[in-house]
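Reviewing the structure listed below.
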Amino acid sequence: MTKCNYCGKESDDSVPACPSCGNVLREPVTPAAPENHYHSAAKQKILRGGLWLGGGLVVTIGSFVAAGPGRTYWVAWGAIAYGIFQIVLGLKDTGKAQVEIEKEESLENEFQTAVLLEARGEIQQARTIYEHLARDFPDTKTGRNAKNTIESMRANRKD
């Protein structure tokens with residue numbers, strides 16, 4: 001049980017605000033920064049592309065120098081082309097990563113709004129936001145958090 005600092009009434013530890021006066025009993029938990037799988041995949045592609053491109057250039061330059069003037073040398077077109085292709089794919093995925101981060105931040109802002117509404121005792125408005133996030137964005141971290149919050153509200157009979 002938690003005692004309210006404002007009115008002195010005791011309430012369950014799971015509620016964010018005093019049911020009697022609405023005073024905030026516990027601060028909302030701020031989630032960690034959004035995870036983004038595109039970002040690490042993009043970095044890997046750019047690194048892999050750079051290694052292939054660099055290797056292709058080393059082989060090409062090395063064979064040119066070893067061959068001497070007017071002689072035949074190797075050009076590692078396959079490695080160079082594959083390296084450039086991987087770098088381009090990585091840069092494209094970097095743009096996707098930024099879009100995903102911005103989307104998750106926007107959803108997190110909605111979630112935090114719902115947490116604050118819940119803390120002020122506006123349970124139905126908070127629940128509407130949680131349901132929207134859980135229904136429309138089930139594959140995101142925020143959508144899963146919203147679903148868990150709805151289940152917790154049901155368990156605590158805040159319907």
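Scan segment 52-102 for residues that are among the polar types (S, T, N, Q) and within 14 Å of residue 41 (Cβ to Cβ) and jot them down. Listed by number, the residues that qualify are 86, 94, 98. Return yes when residue 92 is within 30 Å of residue 138 (Cβ to Cβ), at pLDDT below 90 and in a helix (DSSP H, G or I) and no when it is not. Yes: the conditions hold for residue 92.
Being at pLDDT below 90, within 30 Å of residue 148 (Cα to Cα) and not polar (S, T, N, Q) is true of residue 17. The lone criterion from (1) assigned by TED's automatic domain parsing to the domain that holds residue 123; (2) surrounded by 14 or more Cβ atoms within 10 Å (Cβ to Cβ); (3) at pLDDT below 95 left unmet by residue 25 is number (1).
Only one of the numbered conditions (1) modelled with pLDDT under 90; (2) over 30 Å from residue 140 (Cα atoms); (3) crowded, with 16+ Cβ neighbours inside 10 Å is violated by residue 5, and that is (3).
Return yes or no: is residue 142 closer than 30 Å to residue 4 by Cβ, modelled with pLDDT under 85, crowded, with 19+ Cβ neighbours inside 10 Å and not small (Gly, Ala, Ser)? So residue 142 fits the description; yes.
From the list 105, 151, which one is of a type outside the set (A, V, I, L, M, F, W, C), within 15 Å of residue 15 (Cα to Cα) and surrounded by fewer than 14 Cβ atoms within 10 Å (Cβ to Cβ)? Before the answer, list the steps.
Numbers: 105 fails: within 15 Å of residue 15 (Cα to Cα).
Being of a type outside the set (A, V, I, L, M, F, W, C), within 15 Å of residue 15 (Cα to Cα) and surrounded by fewer than 14 Cβ atoms within 10 Å (Cβ to Cβ) holds for just one of 105, 151, which is 151.
The residue of segment 124-139 that is surrounded by the fewest Cβ atoms within 10 Å (Cβ to Cβ), among those that are over 22 Å from residue 156 (Cα atoms) and not acidic (Asp, Glu), is 138.
Residues checked against (1) modelled with pLDDT of 95 or more; (2) part of a helix (DSSP H, G or I); (3) surrounded by 13 or more Cβ atoms within 10 Å (Cβ to Cβ); (4) in contact with a Lys or Arg (Cβ under 7 Å, 6 or more places away or on another chain):
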position	(1), (2), (3), (4)
40	no, yes, no, no
55	yes, yes, yes, no
66	no, yes, no, no
72	no, no, no, no
75	no, no, yes, no
101	no, yes, yes, no
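Residue 46 falls short on exactly one of the conditions (1) free of Cβ contacts under 8 Å to residues at least 40 places away in the same chain; (2) within 30 Å of residue 104 (Cα to Cα), and that condition is (1).
Residues in segment 87-99 that are under 29 Å from residue 56 (Cβ atoms) and surrounded by fewer than 16 Cβ atoms within 10 Å (Cβ to Cβ): 88, 91, 92, 95, 96.
Screening residue 44 with (1) of a type in the set (S, T, N, Q); (2) in contact with a Gly (Cβ under 8 Å, 6 or more places away or on another chain); (3) modelled with pLDDT under 70 gives one miss only, at (3).
The values are calculated or read from the model by the stated rules, or taken from the named source; none is laboratory data. None of the values given here were measured: they were computed from a predicted structure. Quick reminder, even Gly has a Cβ in these numbers, built from the backbone with ideal geometry, and neighbours come from all protein chains shown.
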